[in-house]
Structure formats: C-alpha cells, structure tokens
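Report on the following structure.
The values are calculated or read from the model by the stated rules, or taken from the named source; none is laboratory data. The shown structure was predicted, so the numbers you read here are calculated from the model rather than taken from an experiment. Cβ sites come from the backbone with ideal geometry, for glycine too, and all protein chains shown count toward neighbours.
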Amino acid sequence: MNRLRWLLLCASVVMLMLAGCTQTEEGQEKTPPRFEAKSGDTQGVLTISPGIVGINTYSAVVTDKSNQKLTTGKAILHFAMPNMDHGKSDLELTPQPDGTWTGEGPHLMMEGDWQITLEWQDEQGNSQTYTYTYNLKE
C-alpha cells in the first residue's frame, strides 16, 4: 500500500511539473505571440501557439478595409531566418468556418530572429503580403 501511495505522489509531482511548462515565472499562462501587419487596404493578423521551437499551430486572419474577414482564395506562410543560411520553408494554411486560416508544423526549428511572411491570394490571383519579425526565445 505504501508503494502505491509513493507512485501516486511521484506521478502527481511529475504532472504538476509538466503543467508548469506553459506558464511564465510568475505562474501566469504564456500568451501566444500575435503579430499584425497591413498591406494596401487589408490587414493580416498571425498568432503562433504556443510560440516555441518545434511544432506550433499557426492561425491567420485577413481582413479588408471594412474589417470583414477574407475567407476565399488561399493563404501561405513563408518562414526564413535572414541571418542564417539553412533555407526556407512554407506552410499552406487551411480555411476554417470561423474565417481563420490555420496550419500546424515544426517550421520554427531554432531560437533566433525569424521572418514570417503571410501571403494571401484572392481567386483572381491578386496577392497581399504581410511580413512579421519574431525573435524566438525560450
């Protein structure tokens, strides 16, 4: 019986440690990085969750001058590190019913200064680009 209690105690400690991994030093939840940029009469907002080295979920919203979400066409993220020579990667985003464009992947592969460009294209092939700089630190 003591062995079972010891195992439960150890498992509880591990779970508490893991739960703390998404919190800041003050015990507050870490807010995912959010970026805004304008291009012409449109705006592109990008959120990266959780905003770490490794696999992240990317969520973009593109709006027109009336602040209406642009939900047709296609959206692609381009990832690059201007100060590094290890190539670039792209992620095509999928439109969601709520008007966001989402995708997931390991495109932020190391700490440092990232340049992320959101390219949105309408059905006629006209495109808008939004460029964001993300200084990724863990």
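Annotations for the structure displayed:
- Residues satisfying the stated conditions in segment 97-126, i.e. surrounded by fewer than 14 Cβ atoms within 10 Å (Cβ to Cβ), in contact with a strand residue (DSSP E or B) (Cβ under 7 Å, 6 or more places away or on another chain) and closer than 18 Å to residue 43 by Cα: 99
- Residue 124, sole failed condition from (1) touching a residue at least 24 places away in the same chain (Cβ under 8 Å); (2) of a type in the set (S, T, N, Q); (3) assigned to a loop (DSSP other than H, G, I, E, B): (1)
- Listed by first and then second residue, the pairs linking a residue in segment 101-113 that is at positive phi to a residue that is at pLDDT 95 or above and assigned to a loop (DSSP other than H, G, I, E, B), with Cβ atoms under 6 Å apart and 6 or more places separating them unless they lie on different chains, are 112/81.
- Any hit, segment 104-123, residues being over 19 Å from the mean Cα position of the chain (by Cα), farther than 16 Å from residue 33 by Cβ and either at pLDDT 95 or above or among the aromatic types (Phe, Trp, Tyr) (or both): yes
- Residue match in segment 90-99 (condition: of a type in the set (Val, Ile, Thr) and out of contact with any Gly (no Cβ under 8 Å at 6 or more places or on another chain)): no
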